[in-house]
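Below: the structure, in structure tokens.
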Amino acid sequence: MVLSPKQEEELRLAVADYLQSCGYTNALDAFKKDASIPEVIDNKKYSGLLEKKWSSVVRLQKKVMDLESKLNNTTREMNSGVPTRLSRSSNDWIPRPPERHCLAGHRSPITCVLFHPVYNIMVSSSEDASIKVWDYECGDLERTLRGHTDSVQDLSFDSSGKLLASSSADMTVKIWDFQTFECRMTLRGHDHNVSSICFLPSGDFLLSSSRDKTIKMWEVATGYCVYNFEGHREWVRQVAVTSDGSLMASCSNDQTVRVWSLSSKECKEELRGHEHVVECIKWSPESSHRYINEASGTEVPKGQKSGPFLASGSRDRVIKIWDAIAGVCLFSLVGHDNWVRSLAFHAGGKYLASASDDKSIKIWELRHKRCSKSLEAHNHFVTSIDFHRSSPFVITGSVDLTIKVWECR
């Protein structure tokens, strides 16, 4: 590279200023003599100039390396024949790097991220005891909801999106009016950390699970606890309800998954197979049933329905797909290098997404029981993931205090 006479002079004077500021007097005298630099240097103009230029070069190098990495990823996708969004069905859209937005605002690890069922917004909860509302398309923070006095562990919208429920380590459940953003009521009754919350499809009742080993059913209109489910021997990590509201699943530190009938309140099945704490569960949508049946080699007679099916993720690093009625594990998905923390089904049913403490998210193609995409998503444990029902977006939350919005194509 050839420098102009003015640039050469600036460089010589900046080097001389650097030598002078570091106290390298012998080197400075020799440099002045060889470079024909005057004895008196305008310190104000050249003070710190070399350090500033060097810092700029380092920043630019990092940016170039990031861009090269993204270009290499894109080139690999093109060479492997991955089609663009315009040429592929929405059922085949999966998240691809880089992220569209990286949202920061929470002061402690993110515990849950969740899309609103109607509007173009999402919510996040954190160990900083707050809930934040974001516009995921433009990446703006809309507002912050405060009221809990300890870590907010989980979030759930009712089907209309007018109510938001939150559970917390402060042993309470709060129901928020999502039109006025005010807390409508606080539900008390658990004796320990309330780790999970879930509305029933009707919106009339709410389920919560706790470290006190119980699951409670609450009437939304009155805030009364109408039933207490007992059976797990340890902390109940998560609860989930089928789309028709007939069955509830729960997972626990006791390494089991239980399937309950919400009409009779009885435990129908106890699913055993994981070798460590079961962190998360997710009911599959009906659109996934044919892919799960193909993967498990199950032939369904014409006119009959299959399922329901349930996915579970564990600290044993394995994801299992269960037939909830038969009580059997159909197949396992192995690939994560650390705890599996969160699961989300693609609305089209073809894929299952998982988030893990190995800092990655993986997209599993159910039909072939294989990982079709793995993203190094965050700089720390990935604690939560959600797939949008109709738009091409995925969101993830992490212990690194950030939320990322991924565009699918």
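The values are calculated or read from the model by the stated rules, or taken from the named source; none is laboratory data. None of these values were measured; they are calculated from a predicted model. Reconstructed Cβ throughout: ideal geometry from the backbone, glycine too, with neighbour counts over all protein chains shown. Just so you know, the surface numbers come from the protein's heavy atoms only, side chains and all, with ligands and any DNA or RNA stripped out. Shrake-Rupley method; radii C 1.70, N 1.55, O 1.52, S 1.80 Å.
Structure values in brief
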{"quantity": "Estimated inter-spin distance, TYR24 and SER261, nm [label 7 Å along Cα→Cβ]", "calculated": "8.3"}
{"quantity": "Principal-axis tilt of helix 25-35 within the chain, Cα atoms, nearest 10 degrees", "calculated": "70"}
{"quantity": "Degrees, to the nearest 10: 5-22 long Cα axis against longest axis of the chain", "calculated": "80"}
{"quantity": "Gained length - LEU67 relative to ARG272, 0.36 nm times residue gap less alpha-carbon distance", "calculated": "69.2 nm"}
{"quantity": "Of LYS63/LYS404; LYS216/LYS320; LYS132/LYS373, pairs whose Cα-Cα distance is over 21 Å", "calculated": "LYS216/LYS320; LYS132/LYS373"}
{"quantity": "Where the Cα pairs of the stretch 232-350 fall when distances are cut into 10 Å bins, in %", "calculated": "14, 47, 33, 6, 0"}
{"quantity": "Accessible surface of the chain [probe 1.4 Å, protein heavy atoms]: carbon and sulfur percent", "calculated": "48"}
{"quantity": "Rounded to 10°, Cα long-axis angle of helix 49-79 versus longest principal axis of the chain", "calculated": "40"}
{"quantity": "Per-residue [θ]222 nm for the chain (sum of -39500 (n - 2.57) over DSSP H runs n ≥ 4, rounded to 500)", "calculated": "-5500 deg cm²/dmol"}
{"quantity": "Solvent-accessible surface (1.4 angstrom probe) belonging to LEU28, in square angstrom, nearest 10", "calculated": "10"}
{"quantity": "Gained length - VAL300 relative to SER108, 0.36 nm times residue gap less alpha-carbon distance", "calculated": "64.4 nm"}
{"quantity": "Between the stretch 295-329 and the stretch 129-207, the Cα center-to-center distance that results, in Å", "calculated": "30"}
{"quantity": "Segment SER374-ASP191, length gained on full extension (0.36 nm per residue, minus Cα span)", "calculated": "62.0 nm"}
{"quantity": "Mean accessible surface per residue for the chain, computed with a 1.4 Å probe while every protein chain stays in place, in Å²", "calculated": "49"}
{"quantity": "P(r), alpha carbons of the chain - 10 Å bins starting at zero, rounded %", "calculated": "5, 20, 27, 19, 10, 7, 6, 5, 1, 0"}
